[in-house]
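The structure appears right after this line, and notes come after that.
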Amino acid sequence: MNTAMANKAMANKGNPEVTVELESDASLIQQIRGGNLNAYEGIMRRHNQRLFRLVRSIISNDAEAMDIVQEAYIIAFQHLQTLRDTDAFASWLARIARNEALMLLRKNHRSITMDNQQLESVIERSALSDRPKQPDCELANQQVKKLLEDSIDKLPDSFRSVFMLRAIERCSVREAAEILEIQEATVKTRYYRAKKLLQQQLNQYIKKSELSVHEFAGARCDAMIRNVMQKIRNA
C-alpha cells in the first residue's frame, strides 16, 4: 500500500459512513451473502433517510414509520439471497417499505384515497395567509421547516409520496415510478399538482434554501440499526 492510500485508510478508520459511501449496494450485498452481517449496517445507514421519508409520506406518525422501516429491512434481509439484480436493490427495498406502510393503512382501515371534496379541503387548509420571511437564523429556519412539513402532511396520499421522492429525495421520474409502481406520466402529473398545492412560496424555499424535511439521522438512525441488527442476529 503506498503512502497516499495508507493515509486515506487511516483517515477513514473508525468512520463507517465513509466506507459506506465508497462501496456500492451490490458490493455490500455480496459481503452479506458471504457471511458478513455487519455489512448490512452499511446498507441501512445509506437508505435510512430515504425509506423513512417515503414511509412517513404514507404514515403520518414518526414512531409507526420507524417500525415499518425496521420491518422492511428485516423482510429485505430474509429475501436477500433471492434478489437477482443487486443493482436494483434501492428500488426493491423502497417498494417493500411502501407495501408495508400500505398494509398497515389497510389493517387499521385508514383511508388511502381522497375524493374531490376532500381535495378542495386540503387546498383550503394549505393556503397560507402570511408569506414566511427569508430565514436569517436557525430558529427561523426551523420554523420554515416545520411549516413545510405540516404542508406536506396535508397533501393527498398519492401526491405526498411522489413529492417526497422527487423534491426531497431527488429521485428521477423513472426511479419514483419504479418505487411507487405507477407510470412515469403519473409521477409527473402528481408532482406538478403537489407543488401547486404547497403554494409558490414553499416551492421557492425548497429550491433556494435546500431545506431537509423529516430528517432521520443521529440517535434515531443508530437506534434503528441496533434493533434491526439484533433481530437479524437473533434469527
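The single condition among (1) at pLDDT 90 or above; (2) assigned by TED's automatic domain parsing to the domain that holds ILE74 that LEU105 does not satisfy is (1). For segment 26-74, filtering for residues that are under 17 Å from the mean Cα position of the chain (by Cα), surrounded by fewer than 19 Cβ atoms within 10 Å (Cβ to Cβ) and of a type in the set (A, V, I, L, M) leaves 2. Restricting segment 168-201 to residues that are of a type in the set (D, E, K, R) and not in a helix (DSSP H, G or I), the residue that is farthest from HIS47 (Cα to Cα) is GLU181.
So that you can scan it fast, the table gives a plain yes or no per residue for (1) touching a residue at least 40 places away in the same chain (Cβ under 8 Å); (2) more than 15 Å from PHE216 (Cβ to Cβ); (3) in contact with a strand residue (DSSP E or B) (Cβ under 9 Å, 6 or more places away or on another chain):
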{"residue": "TYR40", "(1), (2), (3)": "yes, yes, no"}
{"residue": "ARG45", "(1), (2), (3)": "yes, no, no"}
{"residue": "ASN48", "(1), (2), (3)": "yes, no, no"}
{"residue": "VAL55", "(1), (2), (3)": "yes, no, no"}
{"residue": "MET66", "(1), (2), (3)": "yes, no, no"}
{"residue": "ALA72", "(1), (2), (3)": "no, no, no"}
{"residue": "THR82", "(1), (2), (3)": "no, yes, no"}
{"residue": "THR86", "(1), (2), (3)": "yes, yes, no"}
{"residue": "ALA90", "(1), (2), (3)": "yes, yes, no"}
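Of all the listed residues (ALA76, ALA63, ALA39), the sole one being of a type in the set (Gly, Ala, Ser) and at pLDDT below 90 is ALA63.
The values are calculated or read from the model by the stated rules, or taken from the named source; none is laboratory data. All figures in this text were calculated on a predicted structure; none of them were measured in a lab. A quick note on method: Cβ atoms are made from the backbone with ideal geometry, for glycine too, and the neighbour counts reach across all protein chains shown.
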